[in-house]
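Inspection log for the structure reproduced underneath, given as structure tokens.
The values are calculated or read from the model by the stated rules, or taken from the named source; none is laboratory data. Just so we're clear, the structure is a prediction, and the values are computed from it rather than from any experiment. Reconstructed Cβ throughout: ideal geometry from the backbone, glycine too, with neighbour counts over all protein chains shown.
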Amino acid sequence: MNEIHASSPKAEPLTAARAVAAGIDFAELQASPLGLFWNEYRPEDAACRIWHWRDGVAKCLTPLGFSVRSRVYEYGGGAFCLTDDGVVFVNEADQQLYRQSLNGETPQVLTSGVCRYGDLQFANGQVLAVEENRDRHRLAAIDLADGKRHLLVEGADFYAAPTLSPDARRLAWIEWSRPDQPWTATRLMVAESLDDGGFGPARCVAGDDGQESLQQPRFDANGRLFCLTDRGGYWQPWMESENGLVPLPGPTADHGPAPWQLGGCTWLPLSEERYLASWTEGGFGRLGLCGATREEFASDYSRFRSLALDEHFIYCIAASPISSPAVIAIDRRSRQIKVLAGGIAPLPAEQISRPQTLHYPSGSGEAHGFFYPAMTGDAKPPLVVFIHGGPTSACYPMFDPRIQFWAQRGFSVADLNYRGSSGYGRDYRQALHLSWGEVDVEDACAVVRHLAERGLIDGDKAFIRGGSAGGYTTLCALAFHNVFRAGASLYGVSDPVALGRATHKFESDYLDWLIGDPVEDAERYAARTPLLHAGNIRVPMIFFQGELDAVVVPQQTRDMVEALQNNGILVEAHYYAEERHGLRQAGNQAHALEQEWLFYRRVIEQGD
């Protein structure tokens, strides 16, 4: 068994500040002859910085005053790429591209203007990127030498994953049109190069029937095109052939998450019938070489992202139930694992609550998730139900300091992958179609009954919390069911119609898929709008909201707070002046976590 080399400090109370400080994360791992590079997020200043690892030494490349983060589609991703002699990255403050060598020089601006960039790829002397100009999106190429911009493709509503073949003769990408989302229906497109350096007319390789979601196109060394598609029920690798795409042998499981962010890499083709991949089984991540035979490794880890490799090592960002995310290198011969960054355990292993698989009946179906027992030894502890955002996203069985914060304070936690979550196939993911605010809420309520019937929790002391879309599920659960003692909404949706009017382009049609047409299905919207049913909420609530949020605008939270106050409900609200959609500053995260715990504790004490 592979051991995770993580240091365990002396046992100390996991305060809210320590829990937040443990939230260091990594993204966008990339390898080249220059070494290994990754983007590292640190909560203390909410900045993202590129790190360079080579010959056993890691150093930060990003100077003070810069943060590497894209805001294309608001959720960003693909914020840097490797060049022949350094990196090109998106600077968070102005969303422009900057070129940086590896010799310590100040980054040099490569673009200027109002456009935002993401999903960067370097090829043939150019940076390929998704370009966003207000509500207009296209693919562009920027010359590394002089910053000259070339339009590659436009006309579709959204683009992702521009990829050039090794011989530079074919350009592949993913595109989709409104009202589809990238996890419902996309198209795999290809264009051939022309003598003048441009590309000819685009050809649709797959997805023209609007019945499949494709992501992460890849060319192999021989120029053959591959892609993940869920046409077989799961996001699995398929390969182009004379008869269209054909599947590669491998696990019948999702090989990628819902693409909320750009630049994901959860698989890499190695030959026509063999590939490196991470995939999900029962909510747990797996990593291995797949084909006619399968070889798995790094079994102590439970989630894998940003795969990369060179002649000697397989690299990835991995997480486990007992330590924070880590950048790891796996020797391709010995399979030995080396932790290059991260992987710290803020708590001794014996003080960590481990995830237990949840699979339980709900409504007319079944739901999934993970159960974390309280660490205080109480026979029937209170429960906090975590509802992830998205809603087409997922939670993972990995060390989450927020969950451990609750477990150490005597709360058990149910972290739910309610119906509609990704990681369990297309049918499960599609279960939210026109059913948001119903099936997700059923699953949140059913888990309380499921755990209480087994004597694992006190069913009369159940709380529910969620951010963004998870906040909507939380509000619906409290408005339409009498299950929970109190709840917390973190920048949650209280009025779907208002959300549809105010939100950004990427999600502007998502509500039509989740609930229906706001005009034709007005009664359905009214029936599932927590703000209109605030009078049904009879339990205390606490709210947290960023004032700069462009996804769920602050007025949504203010309206809900006012409605509850007018009804005489105990309510607290905390607003953060410099936060957007999601709390990123360490002090604000710690404050919110501490205040939520104190709020629940007061509710329990008053009830007892």
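The sole residue among Ile344, Ile352 that is in contact with a helix residue (DSSP H, G or I) (Cβ under 7 Å, 6 or more places away or on another chain) and either touching a residue at least 24 places away in the same chain (Cβ under 8 Å) or not aliphatic (A, V, I, L, M) (or both) is Ile352. Looking at Gln95, Gln121, just one residue is in contact (Cβ under 8 Å) with a residue 12 or more places away in the chain, within 21 Å of the chain's Cα centre (by Cα), surrounded by fewer than 22 Cβ atoms within 10 Å (Cβ to Cβ) and outside any strand (DSSP E or B), and that residue is Gln95.
Residue-by-condition table, conditions (1) modelled with pLDDT under 95; (2) hydroxyl-bearing (Ser, Thr, Tyr):
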| site | (1), (2) |
| --- | --- |
| Ala172 | no, no |
| Pro182 | no, no |
| Ala202 | no, no |
| Gln215 | no, no |
| Asn222 | yes, no |
| Thr229 | no, yes |
| Glu242 | yes, no |
| Asp254 | no, no |
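Checked across region 535-545, the condition of being buried (at least 16 other Cβ atoms within 10 Å of the Cβ), under 29 Å from Cys48 (Cα atoms) and among the polar types (S, T, N, Q) holds for at least one residue.
For the structure I just gave you, tell me whether Leu347 is on the phi > 0 side of the Ramachandran plot and part of a loop (DSSP other than H, G, I, E, B). In short, no. Here is the figure for region 561-596: residues that are in a helix (DSSP H, G or I) and either of a type in the set (Gly, Ala, Ser) or in contact with a Pro (Cβ under 7 Å, 6 or more places away or on another chain) (or both) total 6.
When we screen Leu228, Leu171 for residues that are in a strand (DSSP E or B), assigned by TED's automatic domain parsing to the domain that holds Gly256, in contact with a His (Cβ under 7 Å, 6 or more places away or on another chain) and touching a residue at least 12 places away in the same chain (Cβ under 8 Å), the only hit is Leu228.
Take Asp135 and decide whether it is surrounded by fewer than 16 Cβ atoms within 10 Å (Cβ to Cβ), within 27 Å of the chain's Cα centre (by Cα) and within 18 Å of Gln95 (Cα to Cα). Spelling it out, Asp135 is indeed surrounded by fewer than 16 Cβ atoms within 10 Å (Cβ to Cβ), within 27 Å of the chain's Cα centre (by Cα) and within 18 Å of Gln95 (Cα to Cα). Given the criteria in a loop (DSSP other than H, G, I, E, B) and either assigned by TED's automatic domain parsing to the domain that holds Asp509 or hydrophobic (A, V, I, L, M, F, W, C) (or both), does Val552 qualify? Considered against the rule, which asks whether it is in a loop (DSSP other than H, G, I, E, B) and either assigned by TED's automatic domain parsing to the domain that holds Asp509 or hydrophobic (A, V, I, L, M, F, W, C) (or both), Val552 comes out as yes. Looking only at residues in region 177-192 that are buried (at least 22 other Cβ atoms within 10 Å of the Cβ) and of a type in the set (A, V, I, L, M), the one that is nearest to Cys227 (Cα to Cα) is Leu188. Just one residue in the set Ala298, Ala319, Ala349, Ala345 is in contact with a Pro (Cβ under 7 Å, 6 or more places away or on another chain) and over 18 Å from Trp235 (Cβ atoms); that residue is Ala319.
Within region 158-169, does at least one residue satisfy the condition of being of a type in the set (A, V, I, L, M, F, W, C), buried (at least 16 other Cβ atoms within 10 Å of the Cβ) and either in contact with a helix residue (DSSP H, G or I) (Cβ under 9 Å, 6 or more places away or on another chain) or more than 18 Å from Val90 (Cβ to Cβ) (or both)? Yes, because at least one residue in region 158-169 is of a type in the set (A, V, I, L, M, F, W, C), buried (at least 16 other Cβ atoms within 10 Å of the Cβ) and either in contact with a helix residue (DSSP H, G or I) (Cβ under 9 Å, 6 or more places away or on another chain) or more than 18 Å from Val90 (Cβ to Cβ) (or both).
Taken over region 36-60, residues that are farther than 24 Å from Val20 by Cα and not basic (Lys, Arg) amount to 7. Of the strands (runs of 3 or more DSSP E) lying entirely inside region 271-331, those containing at least 2 residues that are in contact with a His (Cβ under 7 Å, 6 or more places away or on another chain) and buried (at least 20 other Cβ atoms within 10 Å of the Cβ) are 275-281. Number of residues in region 27-46 that are touching a residue at least 40 places away in the same chain (Cβ under 8 Å) and assigned to a strand (DSSP E or B) equals 11. Candidates are the residues of region 534-556 that are out of contact with any Ser or Thr (no Cβ under 6 Å at 6 or more places or on another chain) and under 20 Å from Ala590 (Cβ atoms); the one that is modelled with the lowest pLDDT is Asp549. Looking at (1) in contact with a Lys or Arg (Cβ under 7 Å, 6 or more places away or on another chain); (2) surrounded by fewer than 20 Cβ atoms within 10 Å (Cβ to Cβ), which is the only condition Lys461 fails? (2) is the only condition that Lys461 fails. Somewhere in region 376-387, is a residue closer than 20 Å to Ala258 by Cα and assigned by TED's automatic domain parsing to the domain that holds Gly410? Yes, region 376-387 has at least one match. Every condition in (1) within 25 Å of Asp209 (Cα to Cα); (2) crowded, with 23+ Cβ neighbours inside 10 Å; (3) in contact (Cβ under 8 Å) with a residue 40 or more places away in the chain is met by Gln261 except one, and the failing one is (2). The single residue among Arg71, Arg18, Arg49 that is within 15 Å of the chain's Cα centre (by Cα), basic (Lys, Arg) and either modelled with pLDDT of 95 or more or not in a strand (DSSP E or B) (or both) turns out to be Arg71.
Here's a check for you: in region 211-225, which residue that is part of a loop (DSSP other than H, G, I, E, B) and over 24 Å from the mean Cα position of the chain (by Cα) is surrounded by the most Cβ atoms within 10 Å (Cβ to Cβ)? Restricting to residues being part of a loop (DSSP other than H, G, I, E, B) and over 24 Å from the mean Cα position of the chain (by Cα), the top hit is Asp220.
Condition test on Pro237, is it within 27 Å of Ser302 (Cβ to Cβ) and outside any strand (DSSP E or B)? No.
Consider Ser320 carefully, then state whether it is of a type outside the set (D, E, K, R) and under 18 Å from the mean Cα position of the chain (by Cα). So Ser320 passes the test.
If you check Val114, Val88 for being of a type outside the set (Asp, Glu) and assigned to a strand (DSSP E or B), only one passes: Val88.
For Ser508, the test of being under 27 Å from the mean Cα position of the chain (by Cα), among the small types (Gly, Ala, Ser) and farther than 30 Å from Gly285 by Cα is passed.
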